[in-house]
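The values are calculated or read from the model by the stated rules, or taken from the named source; none is laboratory data. As the structure is a computational prediction, the values presented were derived from the model and not from experiment. Note that each Cβ is placed from the backbone with ideal geometry, even for glycine, and that neighbours are counted across all protein chains shown.
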Amino acid sequence: MKVLHTFRDVREFAQGSVGLVPTMGYLHEGHLALIDEAAERCETVIVSVFVNPLQFDDATDLDTYPDDLERDVELASCHGADVVFAPSLTEMYPTRQRTTVTVAEVADAMEGEHRRDHFVGVATVVTKLFSGVRPDVAYFGRKDAQQLAVVTTMAAELSMPVHVVGLPTVRESDGLALSSRNTRLTPSERHDALTLSQGLFAAARLFGEGERRSAALEAAVRDVVIGSPGVQLEYVTVADASTAAPIVTVTGPAFLALAARVGSSVRLIDNVFIDASTGTVDTGVKLDGPSILYGGDDPCC
Ligand code: PAF
């Protein structure tokens with residue numbers, strides 16, 4: 001396993017089919033599931049670790065984003081990564097970034113509405129990773145459902161020779177979606193945050209019983225979350241899975257997504273995928289025990 005810091009070194013090292021797992025580090029089981037899948041399918045697995053300032057609209061969120069490269073390297077290596085690519089800020093942005101990537105419409109609602117220019121930052125850095133690393137396949141979590149739609153659209157519309165794969169959200173054993181930001185929750189905030197997944201699961205059950213009206217599904221989430229005064233919902237929206245456009249009725253693949261502030265400083269997102277053409281629901285997969293985010297050992301290492 002190599003730790004490399006330049007695009008050129010990564011390209012020189014890579015052989016055969018290349019799988020890229022883009023991350024901002026402080027890996028958890030959600031990232032590890034992406035690495036496992038890449039290791040199964042690709043000859044060279046590259047995990048990028050770069051906290052991208054361009055996609056943060058909140059300086060505190062950027063400043064407090066957890067980082068521990070040594071820990072990430074150990075975890076990525078145990079799960080079959082061949083390279084951890086940890087570029088410096090100047091490797092990623094050698095000059096003032098005048099060229100940016102905007103994915104119209106797909107990036108407009110939900111996160112696009114609440115985090116100014118967030119997706120310009122995401123699309124720009126992912127474009128740089130795709131053109132600098134040149135992966136055949138890139139793996140993203142479905143937890144960032146709108147991001148997945150943005151990146152998939154961007155890759156298709158800009159004829160990027162990469163296959164974008166989305167994998168299910170990984171949840172803690174009580175349902176909370178894994179996020180590096182969970183480490184910043186106090187025990188009581190963490191308890192409050194559970195209403196987010198509980199609300200989504202309640203809506204998913206309603207969908208399973210045949211409800212297709214977005215307003216009813218969104219209301220089912222609000223009914224649960226309202227019980228936690230420490231949680232401020234920013235949005236709850238049903239959107240088309242590939243265009244991320246809000247929809248009134250679910251007729252095909254879609255997701256029900258939310259964002260919320262928990263306590264004073266932590267902003268979390270979560271979703272469930274629902275598909276009216278098959279009647280199926282993807283609420284993600286749950287861990288059996290505590291996450292490695294809280295200092296536990298990864299059974300693989
Ligand atoms: O999902 C993330 O961690 C980031 O948005 C990504 C895709 C690594 C781009 O910085």
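Check ASP58, ASP117, ASP36, ASP108 and return the single one that is closer than 21 Å to ASP144 by Cβ and at pLDDT below 95. Let's see the steps before the verdict.
Working: ASP117 fails: at pLDDT below 95; ASP36 fails: at pLDDT below 95; ASP108 fails: at pLDDT below 95.
Exactly one of ASP58, ASP117, ASP36, ASP108 is closer than 21 Å to ASP144 by Cβ and at pLDDT below 95, namely ASP58.
(1) within 20 Å of TYR26 (Cβ to Cβ); (2) touching a helix residue (DSSP H, G or I) at 6+ places or on another chain (Cβ under 9 Å): which one isn't true of SER173, the others all being true?
With respect to (1) within 20 Å of TYR26 (Cβ to Cβ); (2) touching a helix residue (DSSP H, G or I) at 6+ places or on another chain (Cβ under 9 Å), SER173 is out only on (2).
Consider the range 236-261. How many of its residues are farther than 15 Å from HIS114 by Cβ and assigned to a strand (DSSP E or B)?
Going residue by residue through the range 236-261, those that are farther than 15 Å from HIS114 by Cβ are 238, 240-243, 245, 247-256.
Adding the requirement that they be assigned to a strand (DSSP E or B) leaves 238, 240, 249, 253-256.
Here the count works out to 7.
Could you go through the range 66-82 and let me know if any residue there is out of contact with any strand residue (DSSP E or B) (no Cβ under 9 Å at 6 or more places or on another chain), at pLDDT below 95, under 30 Å from VAL266 (Cβ atoms) and among the basic types (Lys, Arg).
No, the range 66-82 contains no residue that is out of contact with any strand residue (DSSP E or B) (no Cβ under 9 Å at 6 or more places or on another chain), at pLDDT below 95, under 30 Å from VAL266 (Cβ atoms) and among the basic types (Lys, Arg).
Failed condition for ALA123, given (1) free of Cβ contacts under 8 Å to residues at least 40 places away in the same chain; (2) more than 10 Å from the ligand (Cβ to nearest atom), with all others met?
Evaluating ALA123 over (1) free of Cβ contacts under 8 Å to residues at least 40 places away in the same chain; (2) more than 10 Å from the ligand (Cβ to nearest atom) leaves (2) as the failure.
Run PHE207 past the list (1) in a helix (DSSP H, G or I); (2) within 26 Å of TYR26 (Cα to Cα); (3) more than 21 Å from the chain's Cα centre (by Cα) and report the number of the one that doesn't hold.
Tallying (1) in a helix (DSSP H, G or I); (2) within 26 Å of TYR26 (Cα to Cα); (3) more than 21 Å from the chain's Cα centre (by Cα), PHE207 fails exactly one: (2).
When the residues of the range 190-228 are narrowed to those that are in contact with an Asp or Glu (Cβ under 8 Å, 6 or more places away or on another chain) and over 17 Å from ALA257 (Cβ atoms), which ends up modelled with the highest pLDDT?
By that ranking, first place goes to LEU194.
Is it fair to say ARG212 is surrounded by fewer than 19 Cβ atoms within 10 Å (Cβ to Cβ), farther than 30 Å from GLU74 by Cβ, among the charged types (D, E, K, R) and touching a residue at least 40 places away in the same chain (Cβ under 8 Å)? I'd like the intermediate steps shown before the answer.
On the way: surrounded by fewer than 19 Cβ atoms within 10 Å (Cβ to Cβ): yes; farther than 30 Å from GLU74 by Cβ: yes; among the charged types (D, E, K, R): yes; touching a residue at least 40 places away in the same chain (Cβ under 8 Å): yes.
When the stated conditions are applied, ARG212 passes them.
Can you tell me which of (1) more than 15 Å from the ligand (Cβ to nearest atom); (2) at pLDDT below 95 is the one ARG181 doesn't meet?
Every listed condition holds for ARG181 apart from (1).
State all residues of the range 35-68 that are over 25 Å from VAL165 (Cβ atoms) and of a type outside the set (Ser, Thr, Tyr); if no residue qualifies, say none.
PRO53, PHE56, ASP57, ASP58, ALA59, ASP61, LEU62, ASP63, PRO66, ASP67, ASP68
Would you check if there is a residue in the range 150-173 being more than 21 Å from ALA245 (Cα to Cα), assigned to a helix (DSSP H, G or I), within 12 Å of the ligand (Cβ to nearest atom) and out of contact with any Phe, Trp or Tyr (no Cβ under 7 Å at 6 or more places or on another chain)?
Looking only at the range 150-173, we keep the residues that are more than 21 Å from ALA245 (Cα to Cα), and these are 159-163, 170-173.
Filter again for assigned to a helix (DSSP H, G or I), leaving none.
No, because not a single residue in the range 150-173 is more than 21 Å from ALA245 (Cα to Cα), assigned to a helix (DSSP H, G or I), within 12 Å of the ligand (Cβ to nearest atom) and out of contact with any Phe, Trp or Tyr (no Cβ under 7 Å at 6 or more places or on another chain).
Among the strands (runs of 3 or more DSSP E) contained in the range 1-115, which hold 3 or more residues that are within 12 Å of the ligand (Cβ to nearest atom)?
Numbers: elements: 2-4, 18-23, 44-49, 83-85.
Hits in the range 1-115: 18-23, 44-49.
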